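Below you'll find the structure, written out as C-alpha cells, and then a few comments.
We did not get these values from a lab; they are worked out from the coordinates using the rules stated. Just so it is clear, the model here is predicted, and its values are computed rather than measured. So basically every Cβ, Gly included, is an ideal-geometry build from the backbone, and we count neighbours across all protein chains shown.
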Amino acid sequence: MSSKFLRALAGKRVYPITDRQLSKLSHAEQVGKLIEAGATLIQLREKIYSPAVFYHQSAVALQMARERGAALIINDRADIALALHADGVHLGPDDLPPEAARRLLGPAAILGYSTHNLKQARVAAQMPVAYIAIGPIFATATKLSSNPPVGLANLSLVREAVGSIPLVAIGGITGENMGTVLNSGADAVALISQIWTPEAQFDSKNAPNP
Ligand code: 3NM
C-alpha cells in the first residue's frame, strides 16, 4: 500500500494541495499549473463550496491529470474519490473511517490520514493507510484549528513511531524551513500557502528536492 504513495511522488518531496481561495483559480487550473511545475501527486482540497461543485471541478481536474500522468487525491470525500476513480482520498477524524474507505476504494487506493500528535500517529499506523500526515508542524493561518504546533522534535518522534509508513509533514512549511522538516523525518512536505500566495509561487526547480 505504502509504495504506491511514494511511486506517485516520483522522487519528489513536495505534495501540493489546491486552495481556491488563495489561488483564485479552479481546481483544474491549479492542477494544470502544478503539473507544469513538475508535480506528479496533487491533493484537491475544498472547504467552501458544495460537494456538487467539488465533484464537477474534480472531474475536470482528474481528466487533465490523467492526460498528463499525474495522480490526484481527493480531500475528505471518499464518495467523490469513488465516483471519479481518483487515485485516493485524504481523510481526517471527522470523515469516513479509513477501514470503511479502504473497503469502498479497494487495495490500490492511496489513503492518507491526518494526525496532530504522537498518540494519534501511533493509532493511525495501525490503520489501512498509505501515508500519515502530521501537523501543523509550525503555526499556520491556512487552517483554523486548536491543535498546537507539533514542532521538529516531535516530528522525529512520530517518524520513529510510525516505522516505514510514509510520513507527510504539513502546516506552516516554507521553502526556508522545508529542509529541516525533511531532515527531521518527513518523507514529504504538504504545502498550501507557500504555493498559492503571490510572492511564493510553486517552482519544481527549487521546491521538490531541497
Ligand atoms: N492540515 P499551509 S495544517 C490542511 O495540521 C492543513 O493537519 C493541517 O497549509 C494539519 O501550508 C493545514 O499554508 C494547512 O500552512 C496547511
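This ranking places Thr40, Thr18 by how few other beta-carbon atoms lie within 10 Å of each, fewest first, which gives Thr40, Thr18. The residues Phe54, Phe5, when put in order of fewest to most other Cβ atoms within 10 Å, stand as Phe54, Phe5. What the Cβ-Cβ distance of Ala108 and Glu199 gives, at R0 = 45 Å and to the nearest 0.05, is a FRET efficiency of 0.70. Note on the chain: with a GNM built from Cα contacts shorter than 10 Å, the maximum mean-square fluctuation among Ala37, Ala169, Ala81 falls on Ala37. Cross-linked pairs Lys12/Lys33; Lys47/Lys143; Lys33/Lys143: Cα-Cα separations exceed 18 Å for Lys33/Lys143. Okay, which of segment 134-166 sit inside 12 Å, backbone N to the point 7 Å along the Cα-Cβ direction of Gln21? 141-145, by backbone N distance to the label point. Going from the residue with the fewest nearby Cβ atoms within 10 Å to the one with the most, His90, His85, His116, His56 rank His85, His56, His116, His90. Here the chain is scanned for trypsin sites (Lys or Arg not before Pro) in DSSP loops (not H, G, I, E, B) that have at most 16 other Cβ atoms within 10 Å, and the longest stretch holding none of them is 48-142.
About its Cα centre, the dipole of the chain is roughly 240 debye, where the only charges are +1 on Lys and Arg Cβ and -1 on Asp and Glu Cβ.
Residues whose amide H comes within less than 5 Å of that of Ala71, counting only those at least five positions distant or on another chain, are Leu41, Ile42 (H built at 1.01 Å from N in the peptide plane).
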